[in-house]
Amino acid sequence: MFDVGKCRLNEILVHKKISQVELADKLGMKKQQINAYATNETIMSLKTAKNISNQLNVHIDDLYDFVWSDKQ
């Protein structure tokens, strides 16, 4: 079973040369919400992850490190 690990959004934004503010504007979201995802304060919903990955042209799985866990 997988657990959601570290959000990789900041790394992707740096690589794509896009700011959190620019991404928020493109998605019609608040910059604070993008920052909450990027700093691991909040885990994004599947819908949000899909919209962000589409906007950044990355696979949805690239947004987080997924960690294998033996717990069930």
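Can you give the FRET efficiency to the nearest 0.05 for Val14 and Asp70, using r as the Cβ-Cβ distance and R₀ = 35 Å? Don't skip to the answer; put the middle values down first.
Details: r = 33 Å, r/R0 = 0.95.
Calculated value: 0.60.
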- Considering amide H positions built from the backbone, and no H for Pro or chain starts, which residues 5 or more places from Tyr64, or on another chain, come under 5 Å of its amide H? Arg8
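Given charges of +1 on the Cβ of Lys and Arg and -1 on the Cβ of Asp and Glu, with all other atoms neutral, how large is the dipole of the chain about its Cα centre, in debye to the nearest 20?
On the way: 10 positive and 9 negative charges, 57 e Å.
The dipole of the chain has a size of about 280 debye.
From Cα pairs below 8 angstrom and at least 6 apart in sequence, can you work out the relative contact order of region 2-68, rounded to a whole percent?
On the way: 63 pairs, mean separation 35.6, N = 67.
Reported relative contact order: 53 percent.
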- Task: Would you list, by chain and number, the aspartates and glutamates whose Cα falls below 20 Å from the Cα of Lys6, excluding same-chain residues fewer than 8 positions away?
- Result: Glu41, Asp61, Asp62, Asp65, Asp70
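Values quoted throughout were computed directly from the atomic coordinates according to the rules given, and no laboratory measurement underlies them. A quick note: this is a predicted structure, and the numbers were derived from the prediction, not measured. For neighbour counting, all protein chains shown are included, and Cβ atoms are generated from backbone atoms with ideal geometry for every residue, glycine included.
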